[in-house]
Amino acid sequence: VISVSGYSSGTNAGTYNDILSVSSSALTNYNVTINNGSLIINPKTLTIGTTTVNNKVYDGTTAATVNTLGTVSGLVGNESVSVATSTANFSTKNVGTGLSVTVSYTLQNGNGAKGGFASNYTLANTTTTANITAKALTISNLTATDKVYDGTTSATLNKSSATLVGVITGDAVSLNTTNASGTYASANAANGIAVTVTGNSISGTESGNYTLTQPSLSANITPALVTITGANNTVTYNALTQTNSGARVSINGASATTITGSTVNTGIGTESFTLSGYAAAKDYSATRYSDSLLLTSNVGTTARNYSITYSQGGLTINKAPLTVTGVTTTVTYNGTTQTNNAATVTGRLGSDSIVVAGYGSATNVGSYSGW
């Protein structure tokens, strides 16, 4: 009988080589050649329950973050091992929903009396799904320009220095401001008015991974400038009330035009003012009658949208000419006082009462003058 011993044995996963030997009372009759074999114990494949992965905002990588790990099952007896690390990666870096995510695991030895060797087990990769949402970009250095009141909400944007903020390094994304426009929240003059911006867009290979947030701006609308310049007119007394006229108006520094009537059109839509306050007088004065010009806003016109300055004019009334011509009267001496009571008044106006005094009077023969 030939006995063989030295067979390999083991418990844990690995390769165990035989160290064979033979024994026999008849062994001297043989030239013995020993070819050792081996015992291979493969790691047991474990399974893991559902592992979940967090959704993420686009960051230019495929990296994913594990949210919850499933429960490991398939351990031998009461052995315990645990997941040391888990690594998750999306199938693509680009934005999408329900994207495939592969999760790989590394096992570690269990603790305590029932601790198992991680090397005795394998845990296959699992797949799950998650979403990558677009990254929001903002725009810097895009501003709205202040303007003078023009009755509209249109805002002018300063686009020359506008830049994108938030693009991942290396991504091809560019800003297009060609169609960008701004709109004031109100057309009325004020400071710090909100300006809504629309029309900015992005383009480029990776632009689909981003959304663009239009900026919220503010700017000022200053009142339109209205300059009223009164006229200085000189007239001659005519026994009637005479009123000054001919004031001129300039809007925002434009050439002044003479105001006809009392309505002053601003040139902004149908907005207008009524002009009042011209000097009016009847009698001669050694000093000028001054205007008190005032613009009053008409329906549909908001006064605070205008800044009005006045340069008052005035009316000078000069004296009218009046000629009194005495008449030479010849009478015959009659022993009593006789008076020359005839004169011609030229230039009397309206219902003015002109009293002539100073007529010559005498009793004796002679030539007598009045005054």
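Among the chymotrypsin sites (Phe, Trp or Tyr not before Pro) in region 237-292, which ones are in a DSSP loop with at most 16 other Cβ atoms within 10 Å of the Cβ? Mind listing them?
Qualifying residues, ordered by number: Tyr284.
Residues with beta-carbon under 14 Å from that of Asn131, excluding Asn131: net charge, scoring Lys, Arg +1 and Asp, Glu -1?
Once all neighbours under 14 Å are counted, the net charge is +2.
How big is D, in µm² s⁻¹, for region 319-368 by Stokes-Einstein at 37 °C and 0.692 mPa s if Rh is the Kirkwood radius over C-alpha pairs?
The diffusion coefficient I find is 257 µm²/s.
Limiting things to C-alpha atoms, what are the Rg and the maximum Cα-Cα separation (Dmax) for region 105-241, in angstroms?
Considering region 105-241 through its Cα atoms, Rg and Dmax are 32.5, 129 Å.
When N is the residue count of the chain, what does its C-alpha Rg come to as a fraction of 2.2 N^0.38 Å?
Cα-based Rg divided by the globular estimate yields 2.67.
For a quick check of your reading of the filter: which trypsin sites (Lys or Arg not before Pro) in region 108-170 sit in a DSSP loop and have no more than 13 other Cβ atoms within 10 Å?
Here the trypsin sites (Lys or Arg not before Pro) that fit, given the DSSP loop and packing criteria, are Lys114.
Given a cut-off of 19 Å, what percent of all Cα-Cα pairs of region 225-318 lie beyond it?
Here the tail beyond 19 Å accounts for 41 percent of pairs.
Looking at the chain, how many pairs of lysines come closer than 13 Å at the Cα, when each pair is eight or more places apart or spans two chains?
The result is 4.
Compute the distance from the alpha-carbon center of region 1-70 to that of region 300-371, in whole Å.
142
Figure the gain on full extension for Ser161 and Thr257 (residue separation times 0.36 nm, minus the Cα-Cα span) and round it to one decimal in nm.
Gain in length upon complete extension: 30.5 nm.
Translational diffusion coefficient, Stokes-Einstein: compute it for region 77-182 using the Kirkwood radius over C-alpha pairs as Rh, at 20 °C and 1.002 mPa s, and state it as an integer in µm² s⁻¹.
Translational diffusion coefficient: 110 µm²/s.
Could you please report the charge total around Ala189, scoring K, R as +1 and D, E as -1 over all other residues with beta-carbon less than 11 angstrom from its beta-carbon?
Computed value for this residue: 0.
With a 10 Å radius around each residue's Cβ, average the other Cβ atoms per peptide and rank 300-309, 219-228, 70-79, highest first.
Put in order of decreasing packing, that is 219-228, 300-309, 70-79.
Compute the signed sum of charges (Lys and Arg +1, Asp and Glu -1) over the other residues within less than 15 Å, Cβ to Cβ, of Asn94.
That sum, taken over residues with Cβ under 15 Å, equals 0.
Just so you know, all these numbers are worked out from the coordinates, no wet-lab data involved. What you are looking at is a predicted structure, and each value in this text was computed from that prediction instead of being measured. We place every Cβ from the backbone using ideal geometry, glycine too, and count neighbours over all the protein chains shown.
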